[in-house]
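Just so it is clear, none of the values below were taken in a lab; they were calculated from the coordinates. None of these values were measured; they are calculated from a predicted model. Don't worry about glycine lacking a Cβ; one is built from the backbone with ideal geometry, like all the others, and counts go over all protein chains shown.
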Amino acid sequence: MFSKIAGTGSCFPKKILTNKDFENMVDTSDEWIVSRTGIKERRVVNGESTLDLAYEASLKALESAGLKSNQIDGIVCASITQDTIMPSLSCSLQAQLGIGGKSFAYDVIAACSGFIYAAANADSLIKTGIAKKILVVGAERLSVVTDYTDRSTCVLFGDGAGAVILEASNTPGFIGFDLVADGSISDLLTLESLGTKLFENKEKYDIKNNLIKMKGNELFKIATKAMMRTSKKVLEKNSLTLKDIDYIIPHQANIRIIEMLAKMLKFPLDNVIITIDRYGNTSAASIPSTIDVAIEEKRIKKGDKILITSFGGGITWGAACFVL
Ligand code: UT7
């Protein structure tokens, strides 16, 4: 028994923030941002909630799978920017889809690795017979937790959502996963404003100083090696080599990380799917939305063997391979 992608969808808000816009906000330049990150523009919400983005992406995924929402057994959402902690994004999405009481629904928090972690969860639930069809979503509105006075982070992040329907199948499907975390280096990338820690002293509650903080340069060095190792490991564990892989879809954090990863894996950059130039880093939404965009643009097609790999806050990382 395998879990197979039966449909995909994505949603990006209409509002575009260009590098030029940032030149008016902080001490930066289009040249610096493009050359150091590969980002030209990113989308940001203009009134939309994380749920709105997740809902639109989910509707598209359901449509592309030819399914009605009441045919779904469960929802697993990955996000670090849920509109509310309780209800979870998944429960709110379930209600919005009109299937309250008819499926399970829960969130996974693994930052940029959230989609891979959530897909591993859903894959296991399908393999163990607990569910047959699961909606897996990565959705973020990072713009609300971004510090727009910090030039080293604000230019990186964007909002968006990606969704896939995983369905029980006799043929692959997901072949394997490798999941890793190292909480001992969590200070490299933090977002404390959504945790209860901040409420311990309500009088001194201070959102502004608890937005996304990142030690980008240190993270950069660890990210590339971690994604290289986890990619190799998931292939090895499943008796595959990079020669078996048609495309790599990496987390879209920085074009230089992506290029270095391809170089270290000796994998042709032409077969690495890149959307960071248009959408920036959308954390848990980055991989599922890139899968959907690549399908829509006919870059990847049914039968392709794809490796996905990610690295993010926690610190978390991981990889998975699947046949589309
Ligand atoms: O998605 C989760 C995982 N995320 C990552 O793995 C991100 C990893 N890190 C990165 O992508 C990169 O480290 C950044 C894009 C965040 C930064 O690039 P960098 O090449 O590592 O730059 P840096 O932090 O070493 O900074 C170099 C210089 C500094 O100036 P000084 O100290 O040399 O004078 C920064 O202040 O660049 C400066 N700088 C900027 N200059 C213009 C930092 N941000 C900017 C900016 N515009 N936006």
Output the number of residues of segment 84-118 satisfying the condition of being of a type in the set (Val, Ile, Thr) and touching a helix residue (DSSP H, G or I) at 6+ places or on another chain (Cβ under 6 Å).
2
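Take Asn210 and tell me if it is of a type in the set (S, T, N, Q), crowded, with 16+ Cβ neighbours inside 10 Å, free of Cβ contacts under 8 Å to residues at least 40 places away in the same chain and away from the ligand (no atom under 16 Å from the Cβ).
yes
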Taking Ile222 as the residue in question, decide whether it is within 11 Å of the ligand (Cβ to nearest atom) and either in contact (Cβ under 8 Å) with a residue 60 or more places away in the chain or polar (S, T, N, Q) (or both).
yes
Pair list, Cβ < 8 Å and 6+ apart or interchain, from segment 13-39 residues that are over 29 Å from Ala54 (Cβ atoms) and without any contact (Cβ under 8 Å) to a residue 12 or more places away in the chain to residues that are near the ligand (Cβ under 9 Å from one of its atoms) and small (Gly, Ala, Ser)
Glu23/Ser29
What about Leu166, is it over 25 Å from Ser10 (Cα atoms) and either among the β-branched types (Val, Ile, Thr) or away from the ligand (no atom under 16 Å from the Cβ) (or both)?
no
What pairs can you find where one residue is in segment 156-175 and of a type in the set (Phe, Trp, Tyr), the other is assigned to a strand (DSSP E or B), and their Cβ atoms are less than 6 Å apart, with a gap of 6+ or different chains?
Phe157/Asn281; Phe174/Ser3; Phe174/Phe322
If you check Val144, Val180, which single one turns out to be farther than 30 Å from Gln71 by Cα, within 16 Å of the ligand (Cβ to nearest atom), of a type in the set (Val, Ile, Thr) and touching a residue at least 40 places away in the same chain (Cβ under 8 Å)?
Val180
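Where in segment 17-130 are the helices (runs of 4 or more DSSP H), entirely inside, with at least 2 residues that are of a type outside the set (A, V, I, L, M), more than 15 Å from the chain's Cα centre (by Cα) and within 16 Å of the ligand (Cβ to nearest atom)?
19-23, 30-37
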